[in-house]
Structures are given as structure tokens and as C-alpha cells.
């Protein structure tokens, strides 16, 4: 806040204005300070984790660490960061087996404490298929119901949507429409993907500037909080 009567630092421009006014015979107020005032953040976030069978693959040849394990660790780190920051957040994990069996695991609801997150993530396993559109719509419904000025939905995945009778163009188009529906309700969407070979579908499904490819899966625990900070500052 500029032009204050008191504050933590002198504003040079304001000081020059005051002395100029005094030289002109005026009697200006001595508002020559800058003062910092913290503004309350009004941001909530949803994290949607793909835990389909493909995430059980090693992050690299010869590695004993799987994509699922790295993604799970990333959400634990992200949760710690959000607890410090104070932003409300939701964590869901999804997999499935056809349109009648889309499974969404609740890791953390908005109103729940962080204490349960690590235990629930530790109890997760990977398996099944990923029908992204259904999971996105479920997460979006929860975000729509939460009161916040800014809402962000993060989809963490290792590849394109794939389920029984939900492949190729159909699965991708349904995912794209689910994201469009979310954005129409004021929810910012971003896909954080480990699929380095997905440039044939990523721009079409997620939209330009709405996906981030993480080339090195082991860097995800560090990258995810950085991505969050950049998108919500």
C-alpha cells in the first residue's frame, strides 16, 4: 500500500511529490511510506490421482520405484505444503473396470484434517483402467459445491484415458468435454502428466497451456508444489 502516513519503508516517489508541493507553497500530508498488508487467499484445490494398472510400471528401466509410488509421495509433500499455506484441498484417487464400475477413493475431503491423508495414501494400490471423464465430473461436483473465489483441479496421470469401450477418440473426447464442463463452472483445470509421448493428444484433450509434461518422474514431488504455486499466485 503506497502513500501511507506510516509504514515499513519510505517511498521515494511520494517523498519527491511532498517536497515539490512544499516548494510550491502547499501544505501536503506527509504520506511518504509504503506499508505491506497481507491479503487473505481465497483458493481451493482438488487433486485427482490416476491409480490405474499402468501406474505400477517402474519410473525407468531397472528402477524399483513405480510411477504410483512417486505420485503418492508427491501428494504427501503437496499436502504438507497446503497445510502450511492454508488453502483448502481435496484429494481423490480413481480407477475402474468399465462404465458401471468407476472407483473413486476419497483420500481427503475439504473439511478433513491432514492426519488421515498419509494413512489413506499408504493403503492405496494400483490396478484397473482409467475412465477419466467420470472421475473429473465427480471431482468437479465437489469443487463446485465449495465456496472459494478461485478453484483449481489437478489431474495427475501417466497417460491417456483408457477403459473398456473407452479408448482412442471416444475416451479422449469425453475427457475433453468433462474438462470443458468444469471450466464452464469457473474451475481452472491442469493435467500434470508423465506421458512424454502424448503430444498427439495432449493439446486436443487438455487445451493449450492446460497440461504440463514432467519428463523425469522422480522429480514430481518437487515439481508439483512449484506448479501449484505458479498457478495460484
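The values are calculated or read from the model by the stated rules, or taken from the named source; none is laboratory data. On a predicted model such as this, the values are computed, not experimentally measured, just so you know. Cβ: placed from backbone, ideal geometry, glycine included. Neighbour counts: every protein chain shown.
Annotations for the structure displayed:
- Selection of the stretch 21-76 for residues being exposed (fewer than 14 other Cβ atoms within 10 Å of the Cβ) and either under 20 Å from the mean Cα position of the chain (by Cα) or part of a helix (DSSP H, G or I) (or both) yields 21, 22, 23, 40, 42.
- Residue check, residue 104 under 21 Å from residue 206 (Cβ atoms), touching a helix residue (DSSP H, G or I) at 6+ places or on another chain (Cβ under 9 Å) and not in a helix (DSSP H, G or I): yes
- Summed over the stretch 110-122, the residues that are closer than 20 Å to residue 77 by Cβ and either surrounded by 15 or more Cβ atoms within 10 Å (Cβ to Cβ) or at pLDDT 90 or above (or both) give a count of 6.
- The stretch 77-101, residues that are within 18 Å of residue 54 (Cβ to Cβ) and not in a strand (DSSP E or B): 97, 98, 101
- Looking across the stretch 189-214, just one residue is under 18 Å from residue 68 (Cβ atoms) and either surrounded by fewer than 13 Cβ atoms within 10 Å (Cβ to Cβ) or not assigned by TED's automatic domain parsing to the domain that holds residue 67 (or both), and that is 196.
Listed here are the residues, each with its yes/no results for (1) at pLDDT 95 or above; (2) touching a helix residue (DSSP H, G or I) at 6+ places or on another chain (Cβ under 8 Å); (3) within 21 Å of residue 229 (Cα to Cα); (4) surrounded by fewer than 17 Cβ atoms within 10 Å (Cβ to Cβ).
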residue: 136; (1), (2), (3), (4): yes, yes, no, no
residue: 140; (1), (2), (3), (4): yes, yes, yes, no
residue: 145; (1), (2), (3), (4): yes, no, no, yes
residue: 149; (1), (2), (3), (4): no, no, yes, yes
residue: 161; (1), (2), (3), (4): no, yes, no, no
residue: 178; (1), (2), (3), (4): yes, yes, no, no
residue: 183; (1), (2), (3), (4): yes, no, yes, yes
